[in-house]
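Written out below as C-alpha cells is the structure these notes cover.
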Amino acid sequence: MPEILIHAFKDALLIIAALLPIINPPGGAPVFLLATQGASPQTRAFLARRIAINASILLLGAMFIGSYVLAYFGISSGTIKVAGGLLVASIGWKMLQTEDKPHEAAAAPADWSRPIAEKRAFYPLTFPLSVGPGSIAVALTLGARVYAGGSKPLGAPISAALAIAVLALAIYLSFRFADRGVRLLGETGTNVLLRLAAFVTLCVGIEIFQDGAGELLAPWLPPRH
C-alpha cells in the first residue's frame, strides 16, 4: 500500500506540473473580473466555487473517459484545438470590445442573479476561459500516461484526484480573491491589466487554432528537408 501511495504522489506531481502552467489561475484572475463585471462579491465567490468544481469534473472526465468519447465520435485532437482556439479567440475579442466603465456604472446586480450566474459558470467561465482546449488536450495525454491502460487501477484515481484537488483549490483562491489583488493596481492599472489579459486571451486562442490547423494540414503538406 505505501508503494502505491508513493507512485500516486509522484503521478500527482506530474499532473500538477503539466496542467498548472497551462491553466494559470493567477493569470486568469483579471479575465475572471472582466467577464463578471457588475457581479456582487457574493456572486463572484459563488462563481469561483462553482468554476473550481466544474473544472475538476471537466479535467477528470478528460483524463479518464475523454479519449474514448473522442474515438467514438471520430474527433481528432487537431479538430478540438481548432474549434477551441476559435472559441477562445472570439471571447478574447469580445472582452477587448468591452467599454471601460467605472465600478458604479457597471452592469446592475440583477444581471448576475443566481440563475444567470449558474448558467455562465460553466460557459464561458469554466470552459474555455479556465479550462480550455489546451488543458483538455494535456489532460487526455496525462490520462493515457498515468492510467496506462489500467495497469494502475488504484494508484491512478488517487493521483488524479489529488492533483485535480490542488488545481481546483488554486483556481478557487485565485478567482475568489481576484478583486483584492487587482484593487492594489487602482482603476487605471486595473483597466490596463484587464485589456492586456483580454489581448493575451485572444492571442492564446489564435495560437491554439494555429497548432490545431497544423495538425490537420500536416498530411497534405510537403515534408520539410
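For the peptides 159-166, 66-73, the ranking by mean Cβ contacts within 10 Å, running from highest to lowest, is 159-166, 66-73.
For segment 2-220, what is the charge dipole size about the Cα centre, in debye to the nearest 20, if Lys and Arg each add +1 at the Cβ and Asp and Glu each add -1 at the Cβ? Walk me through the numbers on the way to the answer.
Numbers: 16 positive and 12 negative charges, 81 e Å.
That gives segment 2-220 a dipole magnitude of about 380 debye.
Given an 8 Å cut-off on Cα distances and at least 6 residues of separation, report the relative contact order of segment 2-220 as a percent. Present the calculation step by step, with values, prior to reporting the outcome.
Working: 249 pairs, mean separation 106.7, N = 219.
Taking the mean separation of contacting Cα pairs over the length of segment 2-220, I get 49 percent.
Return the equivalent ellipsoid semi-axes of the chain as a descending list in whole Å, where each equals the square root of 5 times an eigenvalue of the C-alpha gyration tensor.
On the way: eigenvalues 207, 109, 44 Å².
So the equivalent ellipsoid measures 32, 23, 15 Å along its semi-axes.
When each of the peptides 74-84, 54-64 is scored by the mean number of other C-beta atoms lying within 10 Å of its residues, the order from highest to lowest reads 54-64, 74-84. Couplings for segment 156-171, taken from phi via the Karplus curve 6.51 cos²θ - 1.76 cosθ + 1.60 with θ = phi - 60°, read 4, x, 5, 5, 5, 4, 5, 5, 5, 5, 5, 5, 5, 5, 5, 5 Hz in order; Gly and Pro are left as x. For a modelled paramagnetic label at Q97, 7 Å from Cα along Cα-to-Cβ, the residues of segment 10-35 in reach, with backbone nitrogen under 20 Å, are 31-35. Projecting the Cα positions of N54, L193, L70 onto the charge dipole of the chain (unit charges on Cβ atoms of Lys, Arg, Asp and Glu, taken about the Cα centre) puts N54 furthest along the positive direction.
Please give the peptides 20-27, 195-202 ranked by average Cβ packing (other Cβ atoms within 10 Å per residue), highest first, as a rough proxy for protection.
Working: 20-27: 16.1, 195-202: 18.5.
So the order, starting with the most tightly packed, is 195-202, 20-27.
Only the coordinates and a few stated rules stand behind these numbers; no lab work does. Here the structure is a predicted model, which means the values were calculated and not measured. Virtual Cβ from ideal backbone geometry, glycine too; neighbours counted across all protein chains shown.
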